[in-house]
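The values are calculated or read from the model by the stated rules, or taken from the named source; none is laboratory data. Only a predicted model underlies this, so the values are computations on that prediction, with no experimental measurement involved. Cβ atoms come from the backbone with ideal geometry, glycine included; neighbour counts cover every protein chain shown.
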Amino acid sequence: MEQFCFGIDVGGTTIKIGLFHTDETLMKKWEIRTNKEDNGAHILQDISDAMKAEMEARGILPEQIRGVGIGLPGPVLPNGVVNHCVNLGWGMVPVETELSELFYNRPVKAGNDGNVAALGEAWFGSGKGYDDMVMLTLGTGLGGGVILGRRIVTGSHGAAAEVGHMPLYPKATKPCNCGKTGCLEQIASATGIVNHTRELLETTEIPSSLRGKENISAKAILDACQAADPLAEQVVEDFTDALGRGMAVIASVCDPQIFVIGGGVSKTGSWLMERLKKSYDKYVFFASRDALVVPASLGNDGGMFGAAALILS
């Protein structure tokens, strides 16, 4: 009898659902709305209903489902309880138990969305073929996931790989969103790139095509850098230096074979990967210098693929 699994990626706006054959083939993917009414009380029921409807349409029996993997925007404890998902309105929710009870009592495995996306790249994307991988996601903040032996490193509180909050800049004065100061993501993120650009525009006279423009985006800054804009060049130099230093710190702990860089900033191209590799080599312990630095390949589907890998692994 054929076996299948589902991979679920829960976001604040939509929920991505993938039906996978256990030979790792994606059979179908679709989205449903994230219903945050009543503090997200209906989300797990909606997911169960959507999976059941697809099974009925295909004639798949409950015993043919090996399990359901689900990635969530919050820390997940080893017992499958999510420790607050602010974007969903959740407090402490026993996701694995509740979703299993709603879905034919099939096995459910939950994980933090950043960790799960990293597992997706490790099994299906740019990290495929490597046992030890670190993924960094460059967006509004700096997320991450560590895969060792092709398995997620979660830590005792589900908070491993919160790389954006490594306190690497003790002289910083502005607070991070986490409430601390000096976090890596304050510099090494899309938000950090924009904030640093504004700071240099206000405090220096470095020539720049960005002067006088409002609502400058990280993409515009990176494009300006490629066009040899002096101020944008300085911003990108500071950004890659900071992230390369952070990657070197990570490597001193887990010594990965490869760094996979995801998020909107990573879509700039190979030139940014080359700069990151150069900065990484500058700071890293010599024995870890051979690690590759490559862009992610799964895009926004990484979490869905990784959720399936929670079951397939």
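If you go through segment 119-174 and pick out every residue that is acidic (Asp, Glu) and either in contact with a His (Cβ under 8 Å, 6 or more places away or on another chain) or not in a loop (DSSP other than H, G, I, E, B) (or both), you end up with 1.
Applying the criterion of being assigned to a helix (DSSP H, G or I) and of a type in the set (S, T, N, Q) to the residues of segment 204-242, the residue that is surrounded by the most Cβ atoms within 10 Å (Cβ to Cβ) is 240. Determine whether residue 252 is hydroxyl-bearing (Ser, Thr, Tyr), assigned by TED's automatic domain parsing to the domain that holds residue 140 and assigned to a helix (DSSP H, G or I). Yes.
Inside segment 19-38, can you point out the residues that are under 14 Å from residue 58 (Cβ atoms) and crowded, with 16+ Cβ neighbours inside 10 Å? Across segment 19-38, the qualifying residues are 19, 20.
Within segment 243-259, the set of residues being loosely packed, with under 14 Cβ neighbours inside 10 Å and either in contact (Cβ under 8 Å) with a residue 24 or more places away in the chain or touching a helix residue (DSSP H, G or I) at 6+ places or on another chain (Cβ under 9 Å) (or both) comprises 252 only.
Residue check: residue 156 meets all listed conditions (1) of a type in the set (Ser, Thr, Tyr); (2) under 30 Å from residue 313 (Cβ atoms); (3) modelled with pLDDT of 95 or more but one, namely (3).
Check every one of the strands (runs of 3 or more DSSP E) wholly within segment 1-79 and list those with 1 or more residues that are within 23 Å of the chain's Cα centre (by Cα), over 30 Å from residue 162 (Cα atoms) and not small (Gly, Ala, Ser). Please lay out each step first, then the result.
Details: elements: 4-10, 14-21, 26-33, 65-72.
The qualifying strands (runs of 3 or more DSSP E) are 26-33.
Looking only at residues of segment 117-163 that are of a type in the set (Asp, Glu) and surrounded by fewer than 22 Cβ atoms within 10 Å (Cβ to Cβ), we find that the one that is farthest from residue 195 (Cα to Cα) is 131.
In the condition set (1) at negative phi; (2) buried (at least 17 other Cβ atoms within 10 Å of the Cβ); (3) at pLDDT below 95; (4) not basic (Lys, Arg), residue 263 is compliant with all but (1).
The set of residues in segment 273-292 that are assigned to a helix (DSSP H, G or I) and in contact with a helix residue (DSSP H, G or I) (Cβ under 7 Å, 6 or more places away or on another chain) comprises 275, 276, 279, 280, 282, 283, 288.
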